[in-house]
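The values are calculated or read from the model by the stated rules, or taken from the named source; none is laboratory data. What you see is a predicted model, and the numbers here were worked out from it, not measured in a lab. Cβ placement follows ideal geometry from the backbone for every residue including glycine, while neighbour counts extend to all protein chains displayed.
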Amino acid sequence: MTAISILVPVYNVERYLTQCLQSIQDQTFQDFEVICINDGSTDHSLTIIEQFSRTDDRFKVINKTNSGYGHSMNTGLEACTGQYIGIVESDDYIEPTMFEKLYQMAIQHDLDIARCSYYKFTATSKKQHHSHGIPFNQVLYPLDCPGIFYQTPSLWVNLYRHSLLSDHHIRFLETPGASYQDTSFVFKAYAVCKRFMLTEERLLNYRVDNVNSSVNSQDKVLCVCTEYREIVRFIKQYPEIYEQLKFHIPVLRFSCYSWNFARIHQRFKWLFLKAWQRDIVEDLAEGRINRQYLKRNQLKKIMLIRYFPLMYKWRRRKF
């Protein structure tokens, strides 16, 4: 069995792709396969990954018609043979020791998920991303350390035990395009994870100036709502997990939806507010809103959206 399967989803990233794949090829750790999933690129991306596969038999190419990020990732997951699974986005690049460090952590501590810290970078700058409130270098059980769920999803800094994903049928939603499918995927993995560890070493470089990134797309309005409904659906399958996490859902949802509301174009805000209102009504009906978990100002805004969403839209900047 291969130690690590590394998934690289590819769609029209010829500008960055060679740097990404070269950083994987240059890893100090050698026992891996790289599964490049080309999602119908119309630039020279396919040519680039085929060049790597011709000279290095660890690189494998799946070439398919365009069907979106979720379907591409699920296709790649089905092809994995590794004991652990890593993900590298094709516009990012990794430090030479990334997979050596994560795999050593995972084997030494019998981890379900090993996570590293990372840098954010642009063409002109590079800065550290800080994880807040999660102890470094300790084996943690996520249900006893809920701060793990409050991290940015950043699915590409995690090394996942293959059996964790397959045994619990954890897959990506196959919504169109690249639409924040990491949100539910990472949450589901943490929910069933027994042994998690975070290292302070920054081993991945996350690009934040790619104009084609989904975070820059203002028309993906309701995708986060779909992701949170998937989170609720998934954890309801495990009553004990659901009971421990249900009060965190409205808190996490509030943070994510507030970010999305600020991000999207003005013409979509009312549509999104109505969807947010429906989710609040469901949270209230199913007993997930608990005052002990929400700050006073958060609860005030949630109730305003529940009963007077138009007023929230007008007054949001006054909070």
Candidate set: the stretch 161-197, residues that are assigned to a loop (DSSP other than H, G, I, E, B) and of a type in the set (Val, Ile, Thr); chosen: the one farthest from the chain's Cα centre (by Cα):
THR175
Here, helices (runs of 4 or more DSSP H) confined to the stretch 215-286 with at least 1 residues that are farther than 17 Å from SER184 by Cα and charged (D, E, K, R) are 239-245, 248-263, 269-285
Taking THR175 as the residue in question, decide whether it is buried (at least 21 other Cβ atoms within 10 Å of the Cβ), in contact with a helix residue (DSSP H, G or I) (Cβ under 8 Å, 6 or more places away or on another chain), among the hydroxyl-bearing types (Ser, Thr, Tyr) and farther than 22 Å from ILE24 by Cβ.
no
Taking the criterion of being among the hydroxyl-bearing types (Ser, Thr, Tyr), farther than 27 Å from VAL208 by Cα and either modelled with pLDDT of 95 or more or surrounded by fewer than 17 Cβ atoms within 10 Å (Cβ to Cβ) (or both), would at least one residue in the stretch 46-53 satisfy it?
yes
Has the stretch 244-264 got at least one residue that is without any contact (Cβ under 8 Å) to a residue 24 or more places away in the chain and more than 21 Å from the chain's Cα centre (by Cα)?
no
Subset of the stretch 103-118 that is of a type in the set (D, E, K, R) and crowded, with 22+ Cβ neighbours inside 10 Å - its residue that is farthest from LEU204 (Cα to Cα)
ASP112
